[in-house]
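Remarks on the structure that follows.
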Amino acid sequence: MNKRHSRLLGGTVAAILALGLAACGGGGDSAGGSDWATAGSAQSGGGLDALIAAAKKEGALNVITLPRDWANYGALLDTFGEKYGIKINSANPEGSSADEITAVKRLGKQDRAPDVLDLGQSFALANTALFAPYKVATWETIPVENKAAGGEWVNDYGGYISLGCNAKLVPNCPTTFADLTKPEYKGKIALNGDPTQAAAAFSGVYAAALANGGSFDDIGKGVDFFAKLNKAGNFLKLDPTPATIESGQSPIVIDWDYTNAAQAVKLKGKLDWKVAVPADGLVAQFYAQAVNKNAPHPAAARLWQEFLFSDEGQNLWLAGQARPVRLPAMEQAGTADKTALAALPPVRGEVEYPTQAQIDGANKVLGEKWASSLR
């Protein structure tokens, strides 16, 4: 809701859990004489202090498609900017991963080009030639399956498909996909977006498939499930937003657990928004970070990565109800925010993960069947 609706398409689920630019000057020859445009780590460029000095000298960071209300990005952007005295130029906050890649290609080496990217996984995998390899200081605490071996991309945060529910309007909130077929939910169930375009919606259909005898090779069972909900009158063809949730127009929403959980916090005192992660359709997804190889502010771009993958940055995602990639290591080290951790929706069961080939096949099925199945 109120987010990048095309973030997924073709997006893979990584192994997880054991998202107009001002013209500002930059350049590769930064403070201390290091060429940060080619530095593969802070150490190789002269150390973190040298990186901080170079980023401050550049004075700006260009980001793209980062909604402030998505996974606590508002706090992340503000904290980084204030901490280092760096101006953040944010473009197209409601855009998609495809928009990010288009901007990188179209703007090339211009000062307005994005410095950093937050991408659906398939976009990261398909565009590694556009990225500058970089390994943050906490590299070794990031699971091997959640990063490119050369540092071209790194998973950052993710979540599970969940059921958000207005307990005031729905006395018996659903906790499984099986529950959603009950007559008491007539006219109440919304899916966050069109699954042929939206990350959460795509994974919602995949989750429904798993819950109804399908598999990652057979998303058709998920399409059939939503067709059944539609025929019964349970399915709402209304793209949910914070406004429709608050007004009661979207009593039940299938979305990422961190976006549903964020609504629970935002609406506390106005309504009781409950969140459940359905064990019968357990699906998870990570997004990926990358540095534009033509970043106009190469030092700031790398410092942003260091910040995001530090305990501070990871805890800010955790405070936004997203599950940071370094969470297992931080729990072991005792550096995870215990209050934020306790606020996460509980999860039961083992996560399953599709291959890229399975996702490509699922996209094909959705393109052929989704619209016609809901008529």
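The values are calculated or read from the model by the stated rules, or taken from the named source; none is laboratory data. It should be emphasised that the depicted structure is a prediction, and the values quoted were computed from it without experimental measurement. Neighbour counts run over all protein chains shown; Cβ positions are idealised from the backbone, glycine included.
Structural remarks
- Only residues that are more than 19 Å from Arg302 (Cβ to Cβ) and surrounded by fewer than 21 Cβ atoms within 10 Å (Cβ to Cβ) were counted across the stretch 114-128, and they come to 3.
- Residue count for the stretch 334-375, restricted to those that are at positive phi and hydroxyl-bearing (Ser, Thr, Tyr): 0.
- In the stretch 132-155, the residues that are assigned by TED's automatic domain parsing to the domain that holds Gln314 and more than 17 Å from Gly120 (Cβ to Cβ) reach residues that are of a type in the set (Ser, Thr, Tyr) and buried (at least 21 other Cβ atoms within 10 Å of the Cβ) with C-beta atoms within less than 9 angstrom, at least six apart or across chains, in these pairs: Gly151/Tyr134.
- Cβ pairs under 7 Å, 6+ apart, first in the stretch 76-94 and assigned by TED's automatic domain parsing to the domain that holds Leu318 and buried (at least 16 other Cβ atoms within 10 Å of the Cβ), second part of a helix (DSSP H, G or I) and modelled with pLDDT under 95: Asn92/Asp99
- Neighbours by Cβ (under 9 Å, 6+ apart or cross-chain): first from the stretch 342-359, of a type in the set (D, E, K, R); second modelled with pLDDT under 80: Glu352/Val13
- Asp111 meets the conditions (1) surrounded by fewer than 22 Cβ atoms within 10 Å (Cβ to Cβ); (2) assigned to a loop (DSSP other than H, G, I, E, B); (3) assigned by TED's automatic domain parsing to the domain that holds Asp360 in every case but one. The failed one is (3).
- Sole residue being within 20 Å of the chain's Cα centre (by Cα), aliphatic (A, V, I, L, M) and modelled with pLDDT under 95, chosen from Ala343, Ala336: Ala343
- Test: Ala264 is among the hydrophobic types (A, V, I, L, M, F, W, C) and out of contact with any helix residue (DSSP H, G or I) (no Cβ under 7 Å at 6 or more places or on another chain): yes
- Odd one out for Asn155, checked against (1) touching a Phe, Trp or Tyr at 6+ places or on another chain (Cβ under 6 Å); (2) farther than 26 Å from Ile52 by Cβ; (3) not in a helix (DSSP H, G or I): (2)
- Answer residue from the stretch 53-75, given it is of a type in the set (D, E, K, R) and under 17 Å from Tyr157 (Cβ atoms) and is surrounded by the fewest Cβ atoms within 10 Å (Cβ to Cβ) among those: Arg68
- Within the stretch 265-286, the residues that satisfy the criterion of being surrounded by fewer than 23 Cβ atoms within 10 Å (Cβ to Cβ), at pLDDT 90 or above and either of a type in the set (A, V, I, L, M, F, W, C) or assigned to a helix (DSSP H, G or I) (or both) are Leu267, Leu271, Ala276, Ala279, Asp280, Leu282.
- Considering the stretch 287-307, the residues that are modelled with pLDDT of 95 or more and among the aromatic types (Phe, Trp, Tyr) include one that is surrounded by the most Cβ atoms within 10 Å (Cβ to Cβ), namely Trp304.
- Residue satisfying all of: in the stretch 323-344; of a type in the set (Lys, Arg) and not in a helix (DSSP H, G or I); nearest to Phe286 (Cα to Cα) among these: Arg323
One line per residue, one yes/no per condition, for (1) of a type in the set (A, V, I, L, M); (2) part of a loop (DSSP other than H, G, I, E, B); (3) within 18 Å of the chain's Cα centre (by Cα):
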residue	(1), (2), (3)
Ala288	yes, no, yes
Ala300	yes, no, no
Asn315	no, no, yes
Gln321	no, yes, yes
Ala357	yes, no, no
Asp360	no, no, no
Glu368	no, no, no
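- Flag not set for Gly187, criterion: buried (at least 17 other Cβ atoms within 10 Å of the Cβ), assigned by TED's automatic domain parsing to the domain that holds Lys231, in a loop (DSSP other than H, G, I, E, B) and at positive phi.
- Count of residues meeting criterion [crowded, with 24+ Cβ neighbours inside 10 Å and either assigned to a helix (DSSP H, G or I) or in contact with a Lys or Arg (Cβ under 8 Å, 6 or more places away or on another chain) (or both)] in the stretch 211-224: 2
- Tally, over the stretch 210-237, of residues that are under 15 Å from Ala284 (Cβ atoms) and in contact with a strand residue (DSSP E or B) (Cβ under 9 Å, 6 or more places away or on another chain): 2
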